[in-house]
Amino acid sequence: MKGKALIISLFVVMVAVQWLVPLRMIRGSQVTLSTGNEYKFKLAHVDPEDPFRGKYLNLTFEANQVKVIPPPQWSPGDKGFAILEEDDKGFARIRELVMDKPTADSNFIQVRVQNVVGEDPMTVYVQYPFDRYYINERMARPIEEMIFENQSDTTRLNYALVRVNSGQAALEKLYLDDIPLE
């Protein structure tokens with residue numbers, strides 16, 4: 001009897017953990033969206049779809065690099081923290097890239113190093129955690145056409161509105177030609 005009760009208890013714990021993990025992730029994103037600071041990340045290039053993941057936009061951003069004077073030495077695949085600031089036009093850019101989690105500044109995002117170019121100073125290219133934007137399949141074709149039109153015209157503002165709060169980032173909206181995608 002004790003063995004059966006133990007198995008049932010372990011099963012209940014396992015089920016509870018399977019529910020708690022995704023709920024915690026969802027809550028973290030919701031807290032970031034409601035309390036995080038807004039940053040506009042200018043879009044650089046958008047890849048419209050992936051046959052394995054469905055219809056989504058693969059986002060890359062103009063502000064994905066920073067010049068760093070060694071040390072530390074960065075290598076592709078390293079994790080780091082991008083401390084953000086706004087440029088004179090209100091768009092996000094990386095002020096500094098550090099290896100250790102900042103404690104005094106809440107305007108940072110954990111990033112992954114994609115590439116490193118040069119030596120002193122080195123240019124470090126990063127990948128943000130919000131590089132996908134999933135879209136409705138019926139809206140995919142018109143959105144793709146709008147994106148390609150907007151990318152060829154440099155006067156149009158295409159950007160992602162992202163909320164940042166103490167290392168967490170959540171993509172709130174995409175703007176094409178300064179108009180919300182929705």
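Compared with the dominant principal axis of the Cα atoms in the chain, helix 137-152 is inclined by about 30°. Between the helical axis of 2-35 and the longest alpha-carbon principal axis of the chain there is an angle of about 20 degrees. Here the 3J(HN,Hα) profile of segment 79-93, calculated from phi with Karplus coefficients 6.51, -1.76 and 1.60 at θ = phi - 60°, is 9, x, 10, 8, 8, 9, 8, 9, 7, 5, 9, x, 9, 6, 8 Hz, Gly and Pro shown as x. The listed residues E172, E137, once ranked by accessible area (1.4 Å probe) with the largest placed first, stand as E137, E172. M139 contributes about 80 Å² of solvent-accessible surface, heavy atoms of the protein only, 1.4 Å probe. Solvent exposure of T154, expressed as accessible area, is near 130 Å², computed with a probe of 1.4 Å over the protein chains only.
The count of lysine pairs in the chain whose Cα atoms are under 14 Å apart, excluding pairs fewer than 8 places apart on the same chain, comes to 5. Summarising the label geometry, the points placed 7 Å from Cα in the beta-carbon direction at L161 and K4 lie 5.8 nm from one another. Counting heavy atoms of the protein chains alone, M146 has an accessible area of about 90 Å² for a 1.4 Å probe.
Please work out the C-alpha center-to-center distance from segment 78-92 to segment 53-77 and express it in whole Å. Segment 78-92 and segment 53-77 have Cα centres spaced 11 Å from each other.
Per residue, the chain exposes 64 Å² of accessible surface when a 1.4 Å probe is rolled over the protein heavy atoms with every protein chain present. Bridges between two residues of the chain, per DSSP, are antiparallel at a rate of about 95%.
Where in segment 120-161 does the label zone of L181 land, with the point 7 angstrom along Cα→C-beta and an amide N cut-off under 13 Å? Within reach of a label on L181, which here means backbone N under 13 Å from a point 7 Å along Cα→Cβ, segment 120-161 contributes 130-148, 158-161.
Our estimate of slack between V13 and Q30, defined as 0.36 nm per intervening residue step minus the Cα-Cα distance, is 3.6 nm.
The values are calculated or read from the model by the stated rules, or taken from the named source; none is laboratory data. Bear in mind that the values here come from a model prediction, so they are computed numbers and not experimental data. Glycine also receives a Cβ, built like all others from the backbone with ideal geometry; neighbour counts cover every protein chain displayed. Just the protein is used for accessible areas: all its heavy atoms, side chains included, with ligands, DNA and RNA removed. Shrake-Rupley method; radii C 1.70, N 1.55, O 1.52, S 1.80 Å.
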